[in-house]
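Below is one structure, written out as structure tokens; the observations come after it.
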Amino acid sequence: QVQLVESGGGLVEAGASLRLSCAASGRTFSSYGMGWFRQAPGKEREFVAAITWNGGNTYYADSVKGRFTISRHNAKNTMYLQMISLKPEDTAVYYCAARVYGSSWFHENGYDYWGQGTQVTVSS
């Protein structure tokens with residue numbers, strides 16, 4: 001079992017930055033990959049970024065490449081998403097997810113545990 005809690009969301013203006021955190025507990029954090037997804041109102045949940053167990057490989061959606069950076073600190077059982085140059089279209093609920101048994105890095109079916117989400121709102 002893995003429990004995940006996101007934090008760091010909020011209301012910001014376009015062009016601002018935010019850092020989301022995801023605190024994990026339960027299974028040994030360094031034994032699984034992690035990802036961030038988001039869901040905007042009226043839209044399906046979509047992949048944002050993912051990171052392997054040791055941070056050696058990272059993956060990003062084209063829409064966030066160059067603006068978002070995923071990282072993890074295994075000693076702190078925490079994953080991060082640094083977001084810069086935020087745009088109104090980044091407005092969504094952001095979810096962190098643990099890929100313990102899964103396959104795909106890019107689809108929500110590849111992840112086994114989910115947090116409750118944190119709201120990010122970017123005003124124009």
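On the given criteria, is Ser17 open to solvent by 40 Å² or more (accessible area, probe 1.4 Å) and under 13 Å from Thr121 (Cα atoms)? Spell out the reasoning first.
Values: open to solvent by 40 Å² or more (accessible area, probe 1.4 Å): yes; under 13 Å from Thr121 (Cα atoms): yes.
So Ser17 passes the test.
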Which one of these is at pLDDT below 95 and under 15 Å from the mean Cα position of the chain (by Cα): Gly33, Gly10, Gly55?
Gly55
In the stretch 37-67, which residues are of a type outside the set (Val, Ile, Thr) and crowded, with 22+ Cβ neighbours inside 10 Å?
Phe37, Arg38, Phe47, Ala49, Ala50
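Considering only residues that are of a type outside the set (Lys, Arg) and over 19 Å from Thr69 (Cβ atoms), which ones fall in the stretch 15-28?
Start the filter on the stretch 15-28 by keeping residues that are of a type outside the set (Lys, Arg), which leaves 15-18, 20-26, 28.
Within the stretch 15-28, Ser25, Gly26, Thr28 qualify.
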What tally of residues in the stretch 1-14 results from selecting those that are open to solvent by less than 50 Å² (accessible area, probe 1.4 Å) and closer than 13 Å to Leu86 by Cβ?
4
For the stretch 99-124, the count of residues that are open to solvent by less than 50 Å² (accessible area, probe 1.4 Å) and either more than 26 Å from Gly26 (Cα to Cα) or touching a helix residue (DSSP H, G or I) at 6+ places or on another chain (Cβ under 9 Å) (or both) equals 8
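The rows are residues; the columns are (1) in contact with a Leu (Cβ under 7 Å, 6 or more places away or on another chain); (2) of a type in the set (A, V, I, L, M); (3) farther than 22 Å from Glu13 by Cα; (4) assigned to a strand (DSSP E or B).
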position	(1), (2), (3), (4)
Gly56	no, no, yes, no
Ser85	no, no, no, no
Ala98	yes, yes, yes, yes
Asn109	no, no, yes, no
Counting only residues that are in contact with a Cys (Cβ under 9 Å, 6 or more places away or on another chain) and hydroxyl-bearing (Ser, Thr, Tyr), which one in the stretch 68-86 is surrounded by the most Cβ atoms within 10 Å (Cβ to Cβ)?
Tyr80
Restricting attention to the stretch 87-96, and to residues there that are open to solvent by less than 60 Å² (accessible area, probe 1.4 Å) and not in a helix (DSSP H, G or I), which single residue is nearest to Thr52 (Cα to Cα)?
Cys96
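The values are calculated or read from the model by the stated rules, or taken from the named source; none is laboratory data. As the structure is a prediction and not an experimental result, all values here were calculated from the model. Heads up, the Cβs are rebuilt from the backbone with ideal geometry, glycines too, and the neighbour counts pull from every protein chain shown. Ligands, DNA and RNA are stripped out before the accessible areas are found, and what is left, the full protein with its side chains, is counted by its heavy atoms. Shrake-Rupley method; radii C 1.70, N 1.55, O 1.52, S 1.80 Å.
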